[in-house]
1. Can you run the Rg to Rh ratio on the stretch 132-199? Use alpha carbon positions and the Kirkwood inverse-distance Rh.
2. With θ set to phi - 60° and the Karplus curve 6.51 cos²θ - 1.76 cosθ + 1.60, what are the ³J(HN,Hα) couplings of the stretch 126-133 in order, to the nearest whole Hz, using x for Gly and Pro?
3. Using just the helices of the chain, give the 222 nm mean residue ellipticity in deg cm²/dmol: DSSP H runs with n ≥ 4 each add -39,500 (n - 2.57), and the total is spread over all residues, rounded to 500.
4. Run the numbers on the stretch 123-173 and let me know its relative contact order in percent, using alpha-carbon pairs under 8 Å that are six or more apart.
5. Kindly provide the trypsin sites (Lys or Arg not before Pro) of the stretch 80-122 that DSSP labels as loop, not H, G, I, E or B, and whose Cβ sees at most 12 other Cβ atoms within 10 Å.
6. Count the net charge of all other residues whose Cβ sits under 14 Å from the Cβ of residue 153, scoring Lys and Arg as +1 and Asp and Glu as -1.
7. What is the Rg over Rh value, at two decimals, for the chain, using alpha-carbon atoms and the Kirkwood definition of Rh?
8. Quick check: the angle from helix 183-200's long axis to the longest principal axis of the chain, C-alpha only, nearest 10 degrees?
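Please treat every number below as a calculation from the coordinates, not as lab data. Values in this document were obtained by computation on a predicted structure and should not be read as measured data. So basically every Cβ, Gly included, is an ideal-geometry build from the backbone, and we count neighbours across all protein chains shown.
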Amino acid sequence: MLEIQNLSTHFHINSTKLFQKLTLKAVENVSFSVASNRVVGLVGESGCGKSTLGKTILGLTKSTEGKVLYEDKNLLSLSNREFLPYRKNLQIIFQDPYSSLNPRMTIFEILTEGLLHHKNIPSSEARSLSIAMLEKVGMKSDILERYPHEFSGGQRQRIAIARTLILEPKFIVCDEVSSALDVSNQAQVINLLNDFKSSMGLSLLFISHDLKIVSYISDEIAIMYLGKIVEYGNKSEILNSPHHPYTFALFSSVYDIHNRKKKRYVVKGEIPGVVNKPKGCYFHTRCPIAKDICKEVDPPLKNVSDTHKVYCHFPGEIG
Ligand SMILES: Nc1ncnc2c1ncn2[C@@H]1O[C@H](COP(=O)(O)OP(=O)(O)O)[C@@H](O)[C@H]1O
Ligand SMILES: [Mg+2]
């Protein structure tokens, strides 16, 4: 449904220390696809480029290179006006339910702002759609005239989800949507999204640093390190047979992957800076099986199976 090809996003920043302009490659040459009615989980340490990737896919951050194909069109080459018909179908939900809802708008105004922008419908219909949507996210329908500050974080996130889903989108970037919530609200929000995925045939790019949540909701998992996808594939293949040492390390810190014979392994050392990335494989400075070639040569894409890809010189050798 959505195909991301060789996508890169670079930022040009002024270094006050070095008195020069630096290029920060936040996303580098990323390719993967999101099929219809599937959830792709995107994981990686803070600062590795997850949010930038999500925003670049939707045209909210300018790409440096690459394509995002949707209905046979490259979204990134469309003008704002040409993009408009697709905007409704391609949405994003952010982490912070406090700043994402306008405090001066009533819940009714929040829920229907996008709807009235995209569709010319009478306000009575907007009202009944809002009430139906609130019920679907487990909120009472008598809150329409109230304001965001009257609600808890979990309730606000459900209002934010309702505002997005009322547009009947096809694809949503969920950027750390449950990260600001306590455990029971997290579960509620994740289950809601999962239900909507089935009932509306939604596709999600589910960004999170929480590996357990990603493992629960995803159909496919992409692992990102310093701006690049290092491994991508079907969830069970990634969990049962991670082929990149970084994936292995990430998931072995949460699960006993494989059976208990395999030893647990924790990534050591500092994550290198995003501006001065290492040569060769970006992970080599922290990789326990790195060899000379890893320090020099960018690892090529290797197919572990038709549904499992990895960028590593020695895939599957750890574990
Ligand atoms: N608008 C921006 N201008 C300059 N640098 C940015 C901008 N947005 C993000 N970055 C940098 O890009 C890198 C990736 O950030 P981000 O995508 O937010 O990572 P993540 O969501 O994985 O934590 C970070 O080093 C961040 O500081
Ligand atoms: Mg982020």
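1. My calculation puts Rg/Rh at 0.93.
2. So the J values, rounded to whole Hz, are 4, 5, 5, 5, 5, 5, 4, 5.
3. Theoretical 222 nm ellipticity from helices: -9000 deg cm²/dmol.
4. Over the stretch 123-173, the number comes to 40 percent.
5. Passing both the DSSP loop test and the Cβ count: 104.
6. -2
7. Ratio value, two decimals: 1.00.
8. 80 degrees
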